[in-house]
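The values are calculated or read from the model by the stated rules, or taken from the named source; none is laboratory data. Note that the structure is predicted; figures quoted are calculated from it, not measured. We place every Cβ from the backbone using ideal geometry, glycine too, and count neighbours over all the protein chains shown. Ligands, DNA and RNA are stripped out before the accessible areas are found, and what is left, the full protein with its side chains, is counted by its heavy atoms. Shrake-Rupley method; radii C 1.70, N 1.55, O 1.52, S 1.80 Å.
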Amino acid sequence: MSNQKTTKEMSFLGHLEELRWLLVRSTIAILIGGIIAFMFNEFIFDTIIFGPKRGDFITYQFFCDLATRFDLDKSFCNQILPFEIQNRTMDGQLSVLIWTCITAGFIISFPYFLWELWKFISPALYKNEKKYAKTFIFVSSLLFFFGVLFGYYVLVPLSINFLVNTQISSIVENSIDINSYIGLVKTTSLATGLIFELPVIIFFLTYLGLITDSFLKEYRKYAYVLILIVAAVVTPPDVISQIIVSIPMVILYEGSILVAKIITKRKNNTETKPLVK
């Protein structure tokens, strides 16, 4: 009994050690990505971070053309957005530079983090499941990067346009702190990237038996209402813009239902078959 207990404790401590090294290697990868981002910091700030501040940003042009064609709200056609960005602390710009590079490093190194995560969980998988490592990393990375791009090119400019054009009085001018502006860009882009991992999360939750496709179908109408509320908040008051924002979220949810259905079916088919680890 004592030997069995010791083996279990060693196994638990061994997993903690593996998790510790996973975090260490992932942190090193993020720092390396951050150094790479620092080498291109002018491009990252002038072209990417401050891109949505300019009235000629590609998203504003797209919605302006859309509004002109269908005679909708033309707030996106303004060439100058009514706000300025200011730094209000001595170390403000240095702090922004460091944390933006770290955030960029996380985005760059995300596939490596997934690979480390797969190595960590693979011992618990069956032999026939371990062959899906490349598929897991590719699909998860693709969803994450697509989510970051969707957040940056769609949600960020829509949010900026909505917020800076919301006025309580013409007396009040918008002098936005640099941390507030960059926080919006970073948080929205990263959050959307992680939200786009929903099918992958559903895959594991279904595999563990925590949810089913029936559960997702049952709460589909509530999910759609939430999606429409989010789309209505960040878009102009017209149906077309709301549909453009809603479509990817709806596809994600329906894709998650499909993933849950496939996993549930496979689990039911393999319950009676012996699997070798």
Consider Arg69 carefully, then state whether it is modelled with pLDDT of 80 or more, farther than 26 Å from Gly151 by Cα and open to solvent by 80 Å² or more (accessible area, probe 1.4 Å).
no
In region 152-194, residues that are modelled with pLDDT of 90 or more and charged (D, E, K, R) total 2
Here the residues within region 52-66 that are open to solvent by less than 70 Å² (accessible area, probe 1.4 Å) and part of a helix (DSSP H, G or I) are Pro52, Lys53, Thr59, Tyr60, Phe63, Cys64, Leu66
Given (1) touching a residue at least 60 places away in the same chain (Cβ under 8 Å); (2) β-branched (Val, Ile, Thr); (3) under 21 Å from Val230 (Cα atoms), Ile176 misses just (3)
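Go through region 157-216 and give me each residue that's part of a loop (DSSP other than H, G, I, E, B) and surrounded by fewer than 13 Cβ atoms within 10 Å (Cβ to Cβ).
So in region 157-216, the residues part of a loop (DSSP other than H, G, I, E, B) come out as 165-174, 196-197, 208-212.
Once the filter is applied, which keeps residues that are part of a loop (DSSP other than H, G, I, E, B) and surrounded by fewer than 13 Cβ atoms within 10 Å (Cβ to Cβ), region 157-216 yields Thr166, Gln167, Ile168, Ser169, Ser170, Ile171, Val172, Glu173, Leu208, Gly209, Leu210.
Among the residues of region 78-94, which ones are open to solvent by 40 Å² or more (accessible area, probe 1.4 Å) and within 19 Å of Asn179 (Cβ to Cβ)? Show your work before the answer.
Step one: filter region 78-94 for residues open to solvent by 40 Å² or more (accessible area, probe 1.4 Å), giving 78-80, 82, 84-91, 93-94.
The answer is Glu84, Ile85, Gln86, Asn87, Arg88, Thr89, Met90, Asp91, Gln93, Leu94.
Mind checking which residues of region 37-51 are of a type in the set (A, V, I, L, M, F, W, C) and either surrounded by 14 or more Cβ atoms within 10 Å (Cβ to Cβ) or assigned to a loop (DSSP other than H, G, I, E, B) (or both)?
Initial filter on region 37-51 (of a type in the set (A, V, I, L, M, F, W, C)): 37-40, 43-45, 48-50.
If the condition is that a residue be of a type in the set (A, V, I, L, M, F, W, C) and either surrounded by 14 or more Cβ atoms within 10 Å (Cβ to Cβ) or assigned to a loop (DSSP other than H, G, I, E, B) (or both), then Ala37, Phe38, Phe40, Ile44, Phe45, Ile48, Ile49, Phe50 are the ones that fit.
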Among the residues of region 102-123, is any assigned to a loop (DSSP other than H, G, I, E, B) and open to solvent by 70 Å² or more (accessible area, probe 1.4 Å)? no
